[in-house]
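Working notes, structure below.
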Amino acid sequence: MDLTVKHTAKNRYQKLRMDFEELYIAVRQQEKRIYTDEQLQLLPDIDHVYYDEWKIRKRSSERLIDYLSKKHKFLRILEVGCGNGWLSAKMSNIHDTQVVGLDINQLEIDQANRVFKKDNLEFIYDTFNDNTFDRAQFDVIVFAASLQYFPSVINVMKQALDILRPGGEVHIIDTPFYTPHEAEKADERSHKYYAALGIPEMAEHYFHHSISEFWGFKYEILFDPTSIFNMIFKKDPFYWVCIRK
């Protein structure tokens, strides 16, 4: 590739990265999702406008942490799209773990590094791409409420599998999935929602995926929100998907 073309592509990539980060922070601020250090330390147990949402996330995080704890072996864990780092901090309490939280959001990464200080926990400000990490260095990769910001499930899962050790697992939680018909309507709702916030550009960075996009990967559904029990009690709306290498 010509050096000029390379330079142009790099500049375009950096601009897209900056555009997304600025839009994402603006949305978080509008939605009142930027927490104080004191509030962050309490998550997910917090009396807040999003109390019901945090109850759901507490249950899903407890299921994941219980599952990982039962492996009874050293785990190097990566959380992609860790935001303010509350879940990474919780996972670092699992015995014999090393946890890395990754996010493109500098504001919350700085806060996570300030609030959560542990020898087995670190937070990195960067994008998730083919060059972020060396191959085969993690045992577990977690996407919690972050997969919807990636345009291609196939591409991001391939990137994740590349940096998993043999026998490693990818876990996706707190993420909405749709049928093709539902996805079209959800996309319309997203455009209206972000327009109402005054940040319509954000709709172009929010994607509506389907469980069928995991076809071709070795995946298992560990929690199914369409199960009879869950539908009766209407507790948790999100799938928990595990992809194994």
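Given the structure, is Phe143 surrounded by 20 or more Cβ atoms within 10 Å (Cβ to Cβ) and assigned to a loop (DSSP other than H, G, I, E, B)?
When the stated conditions are applied, Phe143 does not pass them.
Consider region 220-236. How many of its residues are surrounded by fewer than 14 Cβ atoms within 10 Å (Cβ to Cβ), closer than 15 Å to Lys55 by Cβ and either touching a residue at least 12 places away in the same chain (Cβ under 8 Å) or β-branched (Val, Ile, Thr) (or both)?
1
Of the residues Lys118, Lys185, which is farther than 16 Å from Val80 by Cα and not in a helix (DSSP H, G or I)?
Within the list Lys118, Lys185, the selection yields Lys118.
For (1) in contact (Cβ under 8 Å) with a residue 24 or more places away in the chain; (2) under 14 Å from the mean Cα position of the chain (by Cα); (3) within 23 Å of Gly167 (Cβ to Cβ), each residue gets a yes or a no:
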| position | (1), (2), (3) |
| --- | --- |
| Glu79 | yes, yes, yes |
| Ile94 | yes, no, yes |
| Val115 | yes, no, no |
| Glu122 | no, no, no |
| Ala145 | yes, yes, no |
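With respect to Leu68, is the statement that it is farther than 28 Å from Lys158 by Cβ, at pLDDT 95 or above, part of a helix (DSSP H, G or I) and not hydroxyl-bearing (Ser, Thr, Tyr) true?
Criteria not met by Leu68.
Looking only at region 30-49, filter to residues that are of a type in the set (Asp, Glu) and in a loop (DSSP other than H, G, I, E, B); which one of those is surrounded by the most Cβ atoms within 10 Å (Cβ to Cβ)?
Ranking the qualifying residues of region 30-49, first place goes to Glu31.
Quick one: which residue in Leu3, Leu23, Leu42 is among the aliphatic types (A, V, I, L, M) and at pLDDT below 90?
Answer to the check: Leu3.
Can you name every residue in region 98-113 that is without any contact (Cβ under 8 Å) to a residue 24 or more places away in the chain, out of contact with any Leu (no Cβ under 9 Å at 6 or more places or on another chain) and under 16 Å from Phe133 (Cβ atoms)?
The answer is Asp103, and nothing else.
The values are calculated or read from the model by the stated rules, or taken from the named source; none is laboratory data. Everything quoted here is computed from the prediction, not taken from an experiment. Virtual Cβ from ideal backbone geometry, glycine too; neighbours counted across all protein chains shown.
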